[in-house]
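In what follows, a single structure is set out as structure tokens and then discussed.
Each value in this text was obtained by applying a stated rule to the coordinates, not by laboratory testing. All values reported here derive from a predicted model rather than from experimental measurement. Positions of Cβ are backbone-derived with ideal geometry, glycine not excepted, and every protein chain shown enters the neighbour counts.
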Amino acid sequence: MRLIDADAFNKQVAAMTIKENYPVEKANAMMKLIDMQPTALDLADIRAQLEKRINEDLAE
């Protein structure tokens, strides 16, 4: 798995629509699909793990 910049990808899809005369409906559907994808990282989970490690280190 790799992380992508979804905003940059959406801009590329929009540019392709203009440059290549791609159907607007298909481009909109593709951008909606991109926006619906979940984030690869759960920031709340990462924060909880970091706080747990910090508290464990402080307890030692």
**Report entry** Members of segment 8-52 that are surrounded by 10 or more Cβ atoms within 10 Å (Cβ to Cβ), free of Cβ contacts under 8 Å to residues at least 24 places away in the same chain and among the charged types (D, E, K, R)
**Finding:** Lys11, Lys26, Lys32, Asp42, Arg47, Glu51, Lys52
Query raised in the report: Of all the residues that make up segment 18-30, how many are outside any helix (DSSP H, G or I) and charged (D, E, K, R)?
Result: 1
**Report entry** Of all residues making up segment 31-60, the number that are within 14 Å of the chain's Cα centre (by Cα) and assigned to a helix (DSSP H, G or I)
**Finding:** 7
